[in-house]
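Reading through the structure tokens given below for one structure.
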Amino acid sequence: MASQLSQQYAYRAQKSLGLVGGTPSYAPIQGFTSPDVAARTYHYSSDGRLYAYALPNVVRIFQAESAQLIQELAFPNIVELNFSPRGTYLSTWERPVKLEDGAQHKNLRVFSVSTGEELISFYQKGQEQWDLQYTISEQNAIRLVGTDVQVYRPAEWGAGIVDKLKVEGAASVSLSPGLTPSVAVFVAEKKGAPASIRIYNLNALNQPPTCSKSFYKADRAQIKWNSFGTHLLLVTQTEVDNSNKNYYGETGLYLLTANGSFDCRVTLDKEGPIHDSAWNPNSKEFGVVYGFMPAKTMLFDQRVKPLHDFGLSPHNFISFNPQGRLLALAGFGNLAGKIDMFDRRTLNKICTIDAPNTSHCEWSPDGRFLLTATLSPRLRVDNGIKVWHCTGPLMHLESIDELYQVSWRPTPVDLVAPFGQTIPPAPLPSESVKSHEGTQKATPAKPAGAYRPPGARGLATPAIFKREDEGGLPTSGTTTPNRAYNRSPVRGANGASNGRRHVPGAPPPGAEDPDKKNARKRKGKKGGEEGANGEGNGREGNGREGNGREGNGRERHGRLDRVRSPRSSPPPGQNGHPKGNRRHRERDAGPSAAPEGAVEAPPAPPAEPEPADGALDAIAKKVRNLNKKLKAIEELKEKAKRGERLEATQLKKMEGEAVIRKELSELGGVPVVL
């Protein structure tokens, strides 16, 4: 029966509130009525006895098991609720406003659950860390006000502050669980001064800290105590990553003991951010997910000694079940939503759960079930709740429009059935799963695989494009790897030298400069013209000096001007004018003074025109089009093998495969399997 009680969960949507029982029926709790107006929040007490929700004008407190109303607090605009550890007190928070009389608005109130009386109120500006933190016995409560840690005795709220600790630059404070409470105060890095974490004994705040550590690169921090309150993990983060490797800043991880006997930085052997970390409920070990994707997951003991390496996988979430027997590793957010379940005792994988679009994941108190949900506003479509058994089967699902909040009812571990030596089998699923399976069409899932651009299809995947856990090169997350392929279908294009991409129409690497080639061609044409003109002048010459210059010289220069391009025309004062070049004048007079009987040199043969770059482009385009046709024919063959019916036009296209391959071989191309 105790195990059955632990399966209750609650949810809050835009138009409804719900309390739902657990396996096997997952039926709504009898006696609970959803309010007519939208609720702003709800909360369970830590022991699971009480349940409260806030409406725009009232707060109601219920017995969670029977949904019986206990108290109704007529206070409007409440947006946050929280119970003390034993459910004795209820704290509420509303947004601060300016009062007409100019008095300070005390927007944080503490009520007695049994009587509904307001016991004390405070002014709390921010919503982050708004509530008081209680010791597990509710003997003391603390809150951070500016740089002061104020201590109260809940049994004597009227006595006010009973103790105080002043820490300059205090940014956050955390009270440890356990019977010997400690206070951890984090001081952020500021103006070149290092950040620090200090741990004080709550019963001796006037004494020096029992543990203190300073470090840099910490603008904010998250403090995670183990369940005994003897060790804490400090996850630090900066606003900006100076190395430009991570958009969300740099992260660091530190382990400290409350008594100061041990502290160190947790050294992680893969570069990248820290995605998640969690303590095992036995307080003796913790797990960390870190590094650029695919991330690495490691288990460490209390002395930061590695216990197990789970390898590289696309994970960013880690969670132990309340008994510490099972471990869930998952990839949510922009990852696929795969949940890998491991047995902590054997470290073997039990199953993999496919839960895409998950924005909330939580273990049931008995450690046998996992609740996943898609919430708004993270995603506004396909909102709903799914309950999975730890061995993988889906137990229950419920679609709810605009779902905002969902959680299991807390139950102390000693009040649920023990987990046992072996993993329990899955019970029968609820009727919602059976009806959902009946409406779904049994279509085999087609493996999507990784996208490959057209120029890389049909080839072996280069190592730089593989994930690190698939044999690819390690990545630093800073730059995109260079391409090892290009889009040109010309044979050998995928093996471009030095990893450079070949641009169609451009000269290949190491080719002669086109400008130099054109200059050489123009020089050859110019020599041929001048040889022809010299021969004519020799036959017509009458011995007068300068005949070529006065007559045929002008004709010769006219023909050359037509041959020359504007870019190659010589500037005035050089070859363009007889006075500008002595060599030019001698060349003009030379043929007329040639000795009789001299053998004339034959004119230079005209240079053969080289194929234009556009011709190469046309061939490459044709090869590419032929390869596309071959690819379409291969796809039609696959459809025919699967027994699909083909149209007459498709059959005709398949008959032309031999012609296409023959034409491709004549062009010098090699069929590419795309």
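The values are calculated or read from the model by the stated rules, or taken from the named source; none is laboratory data. Please read these numbers as outputs of a predicted model, since none were measured by experiment. Counting neighbours? That spans all protein chains shown, and the Cβs are built from the backbone with ideal geometry, glycine included. Each accessible area value is taken on the protein alone, full model and side chains, heavy atoms only, with ligands, DNA and RNA left out. Shrake-Rupley method; radii C 1.70, N 1.55, O 1.52, S 1.80 Å.
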### Message
Tell me the relative contact order for region 248-404 as a rounded percent, counting alpha carbon contacts under 8 Å between residues six or more apart.
### Response
11
### Query
What ranking, highest mean first, results for peptides 231-237, 113-119, 138-144 when packing means the other Cβ atoms within 10 Å averaged over each residue?
231-237, 138-144, 113-119
### Query
Taking the mean number of other Cβ atoms within 10 Å as a proxy for protection, how do you rank 17-28, 161-172 from highest to lowest?
17-28, 161-172
### Task
Report the normalised scattering of region 115-158 as log10 I(q)/I(0) at q = 0.20, 0.27 Å⁻¹, calculated by the Debye formula with identical scatterers on the alpha carbons.
-0.73, -1.17
### Message
Could you give each residue of region 85-101 its phi-based ³J(HN,Hα) in whole Hz, using Karplus coefficients 6.51, -1.76, 1.60 with θ = phi - 60°, and x for Gly or Pro?
### Response
x, 9, x, 7, 10, 10, 9, 10, 9, 10, 5, x, 9, 8, 7, 5, 7
### Query
Residue separation times 0.36 nm, minus the C-alpha to C-alpha distance between ARG345 and GLN14: what's the value?
115.0 nm
### Task
Could you tell me the accessible area of TYR248 in Å² (1.4 Å probe, neighbours in place), rounded to the nearest ten?
150
### Query
Over region 164-250, what per residue volume does the convex hull of the Cα atoms give, in whole Å³?
94
### Query
Listed highest first by mean packing, meaning other Cβ atoms within 10 Å per residue, what order do 644-651, 415-422, 312-319 come in?
312-319, 415-422, 644-651
### Spin-label model distance (nm) - HIS308 vs ALA155, 7 Å beyond Cα toward Cβ
4.4
### Summary
Per its Cα gyration tensor (rounded if a/c is under 1.5, else prolate when a/b beats b/c, else oblate), region 217-267 is best filed as prolate
### Task
Pop the C-beta distance of ALA193 and ARG520 into the FRET formula with R0 = 60 Å and round what comes out to the nearest 0.05.
0.30
### Task
Give the percent of DSSP beta bridges with both residues in region 1-114 that are antiparallel, rounded to the nearest 5.
100
### Message
Using a Cα-Cα cut-off of under 30 Å, which lysines could be cross-linked to LYS98, ignoring same-chain neighbours fewer than 8 residues away?
### Response
LYS106, LYS125, LYS164, LYS166
### Message
At 7 Å along Cα-to-Cβ for each site, give me the label-to-label distance between ARG452 and SER261 in nm.
### Response
5.7
### 11 Å reach of a label modelled at LEU428, 7 Å along Cα-to-Cβ, counting backbone N of region 6-35
24-25
### Query
Counting only protein chains, not ligands or nucleic acids, how are SER66, SER45 ordered by accessible area (probe 1.4 Å), most first?
SER66, SER45
### Query
In nm, to one decimal, how far is the ARG661 label point from the ASP354 one, both placed 7 Å along Cα→Cβ?
3.7
#### Entry: Net length gained if the chain between PHE75 and ALA417 were fully extended (0.36 nm per residue, minus Cα distance)
119.2 nm
#### Entry: Reachable lysines from LYS662, criterion Cα separation under 20 angstrom, eight or more residues apart if same chain
LYS621, LYS622, LYS628, LYS629, LYS631, LYS637, LYS652, LYS653
### Query
For LEU119 and LYS217, what is the calculated FRET efficiency with R₀ set at 51 Å and r taken between the beta-carbons, to the nearest 0.05?
0.75
